Amino acid sequence: MNRAFLFLFLLACSASIGAATPQGTAFTYQGRLEQSGAPAAGNFDFAFKLFDALSGGTQIGATVTKSAVAVDQGVFTVVLDFGIVAFDGNTRFIQVQVGTTTLLPRTQITSTPYANTALTSLDAGMAQSVGLRGATNTLIVPDTEVGIGTGADPPTWMSVAIGADGLPIVAYYAIPAQDLRVALCHDPVCDSASVVTLDSGGDVGDFNAIAIGADERPMISYYDRTNGDLKFARCADPQCTSAAISTLDTLGDTGQFTSITATNGGVSGLEANKNGPLIAYYDATNKNLRYIQCPDVECASPVGTALDSTGDVGQWTSIAWDGVRPQIAYQDVTNKRLKLAFCSAVDCSSVTIRTLDSTANGGFAASLALTPSGRALVVHNRFDGTSANDIAIVRCNAGASSATYCDAPVVSPVFVSFSSGQRTPQLLLRNGTTPLIWDGQFRAAGCDDVTCAAISARYTVTGINTTLTATHSSSVIGADGLPLLIVQGGSLDGTPRGLKGIHCASPSCRSYGRER
């Protein structure tokens, strides 16, 4: 394909531009495409990337893909959203790929998207409050028929990821049906969603975890309570309108507290579509931390391996892939301590175990994230079952390839002395670097830098009912650069039923105009 020329046309998508009025982060891109010297016609697949330089440079945000875009007499129009962090006042260039052909040179983006700079400024406390929709945190209710778990019912569980189309997908365990379901959000805020039941074969879906595979299809690990097995759902398409279901491990009662991560082409010597997910989970029969490296995206014929078998270990797993090795945070149930397992390679034939926090009653609800250099940051709940209830963050020392990696971790309190009730905290990296810690209920804390060496801001997430009692939580940074916080079994709006959440109005989850 040859391109004679490509021009850019930008429009604000929500309201007219004003000095004090923040806009949404989406904008309209209109271009003209020529093929063999004539205006192109038909449907074409596009991919759009944002850079900080005309050539080379660093990509800003995620790649936005648009499939089967109609091109009429050479003209096409798409809506793009690179998120709130993309336009910070610096020059930006857009690179367009049509099919497998990259169109050069990149096109400079000017004027209109920089109205979005006000969003970041407001989040930093540099402007006054505003009254536009999107200026406050938004309550969402993807499914109103999910019970909170009462009596003999097990606690509810959910996980969330951003799909290839930029829209959230929430996997969850539906009570009282005891099914695995997904809520397919219709927009980045998740104002509404379509609900699909993926597995209803017995009591299934608890302890689920979701990730997006190399082929852009969601993958879900979860527990089959009826048979005591670890199961796996691979969605049939990026929208997860259905899924192929398989059983991965049948060793006794196994498959609780699952976590999953995608390698997506990051394993040396393997094609991208052969890079299967990595799964950590708890073997309740042998009380071990177990791990599976799926040989491909279908996870056909996987082999489970026990990584830690000293005492009762392996609940509350959280796994991440640093490009060389998996790292897994989890609870030592016997001693109530937070631990980290990190492997020398993807097969985990060699594993090192560290105790991250030796404070009593720790390791509950571990949430792991990796800094750009691959160092682990972990938040967890220290809870004695009654009144002592804290959340702490652990920062690993040295590099992940060092022999002294994480042998002297630094532990810092985040929230202390909750009145009651176990928390399931979440750790998110804003801009992929700066941690945001959510307590799983109605408070958040923003770290000052990538290492979270200091926390200068702790605050209430406005829009959440402070009487919330949640059994589990999950979170993700959306395609718009804003956190999406999900709870199940709580009362975000004062009612006890439903899968609910908050789409944050700013990267810190503060409503605009609040003091920092």
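The values are calculated or read from the model by the stated rules, or taken from the named source; none is laboratory data. Note that the structure is predicted; figures quoted are calculated from it, not measured. Note that we place each Cβ from the backbone using ideal geometry, even for glycine, and neighbour counts take in every protein chain shown.
Residue 54 meets the conditions (1) modelled with pLDDT of 80 or more; (2) in a strand (DSSP E or B) in every case but one. The failed one is (2). List, please: which pairs have Cβ atoms under 7 Å, are six or more places apart or on different chains, and start with a residue in the range 296-314 that is surrounded by fewer than 16 Cβ atoms within 10 Å (Cβ to Cβ) and end with one that is among the β-branched types (Val, Ile, Thr) and part of a loop (DSSP other than H, G, I, E, B)? Hits for this filter: 311/334.
When 279, 292 are screened for being touching a Gly at 6+ places or on another chain (Cβ under 7 Å), in a strand (DSSP E or B) and among the β-branched types (Val, Ile, Thr), only 292 passes. Restricting attention to the range 1-31, and to residues there that are at pLDDT 50 or above and surrounded by 18 or more Cβ atoms within 10 Å (Cβ to Cβ), which single residue is farthest from residue 69 (Cα to Cα)? If we take residues in the range 1-31 being at pLDDT 50 or above and surrounded by 18 or more Cβ atoms within 10 Å (Cβ to Cβ), then 25 is farthest from residue 69 (Cα to Cα).
Just checking, how many residues over the range 212-228 are more than 13 Å from residue 280 (Cα to Cα) and either within 16 Å of the chain's Cα centre (by Cα) or buried (at least 21 other Cβ atoms within 10 Å of the Cβ) (or both)? Qualifying residue count, the range 212-228: 8. Apart from one condition, residue 320 fits all of (1) surrounded by 24 or more Cβ atoms within 10 Å (Cβ to Cβ); (2) assigned to a strand (DSSP E or B); (3) in contact with a Leu (Cβ under 7 Å, 6 or more places away or on another chain); the exception is (1). The C-beta contact set for the range 392-419 (first residue closer than 16 Å to residue 449 by Cβ, second residue surrounded by fewer than 13 Cβ atoms within 10 Å (Cβ to Cβ) and at pLDDT 90 or above, distance under 6 angstrom, 6+ apart or interchain) comprises 397/408.
For the range 430-516, the strands (runs of 3 or more DSSP E) that sit wholly inside it and include 3 or more residues that are at pLDDT below 85 and farther than 20 Å from residue 192 by Cβ are 455-460.
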